[in-house]
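The values are calculated or read from the model by the stated rules, or taken from the named source; none is laboratory data. Please read all numbers here as calculations on a predicted model, not as lab measurements. Please note: Cβ atoms are built from the backbone with ideal geometry, for glycine as well, and neighbour counts cover all protein chains shown.
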Amino acid sequence: MNGSIAVAEAGYDEVLRDVMTFLNDQTKRRYEITESTNMARDLNLDSLAVMDVLLALEDKFDVSIPINHLAEIQTVSDLARTIIDIKKG
């Protein structure tokens with residue numbers, strides 16, 4: 001099963017877990033990442049680093065996050081829900 005089909009069939013919890021694992025791997029500092037983790041504030045990511053994370057996750061989940069949604073994505077939960085919403089169409 002390819003990644004895009006798996007994500008389309010996956011529930012919120014699975015996508016959330018994948019996003020948290022990805023962020024843990026990327027931060028190298030091994031912050032305690034939860035649903036409410038603010039990517040910029042809690043992970044000390046500047047806006048460019050947040051954009052790099054979003055672009056990498058777009059590739060990983062085979063989605064394109066519309067630019068008008070970017071300001072709404074603050075927490076890990078926001079990001080997971082956005083990915084699910086985009087996959088559902």
Restricted to the range 35-64 and to residues being in contact with an Asp or Glu (Cβ under 8 Å, 6 or more places away or on another chain) and farther than 15 Å from Asp18 by Cβ, the residue modelled with the lowest pLDDT is Ala40
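How many of the residues in the range 30-74 are closer than 18 Å to Gly11 by Cβ and among the polar types (S, T, N, Q)?
Looking only at the range 30-74, we keep the residues that are closer than 18 Å to Gly11 by Cβ, and these are 34-35, 57, 60-63.
Okay, now just the ones that are also among the polar types (S, T, N, Q), so 34.
Residues meeting the conditions: 1.
Conditions (1) within 13 Å of the chain's Cα centre (by Cα); (2) closer than 12 Å to Leu79 by Cβ; (3) of a type in the set (S, T, N, Q), marked per residue:
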| position | (1), (2), (3) |
| --- | --- |
| Thr21 | yes, no, yes |
| Asp25 | yes, no, no |
| Arg41 | no, no, no |
| Asn44 | no, no, yes |
| Leu48 | no, no, no |
| Asp52 | yes, no, no |
| Leu55 | yes, no, no |
| Lys60 | yes, yes, no |
If you check Val7, Val15, which single one turns out to be modelled with pLDDT under 90 and within 19 Å of Gly89 (Cβ to Cβ)?
Val7
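Matching residues to (1) more than 20 Å from Ile86 (Cα to Cα); (2) assigned to a loop (DSSP other than H, G, I, E, B); (3) without any contact (Cβ under 8 Å) to a residue 24 or more places away in the chain:
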residue	(1), (2), (3)
Gln26	yes, no, no
Arg30	yes, yes, yes
Glu35	no, yes, no
Ala40	yes, yes, no
Leu48	yes, no, yes
Leu55	no, no, yes
Val63	no, yes, no
His69	no, no, yes
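Pick from the range 71-89 the residues that are assigned to a helix (DSSP H, G or I) and among the aliphatic types (A, V, I, L, M): which of them is surrounded by the most Cβ atoms within 10 Å (Cβ to Cβ)? Write out each step before concluding.
From the range 71-89, those assigned to a helix (DSSP H, G or I) are 71-72, 76-88; that's our starting set.
Narrowing the set further to residues that are among the aliphatic types (A, V, I, L, M) leaves 71, 76, 79-80, 83-84, 86.
Details: Ala71: 7, Val76: 22, Leu79: 28, Ala80: 23, Ile83: 25, Ile84: 19, Ile86: 18.
Result: Leu79.
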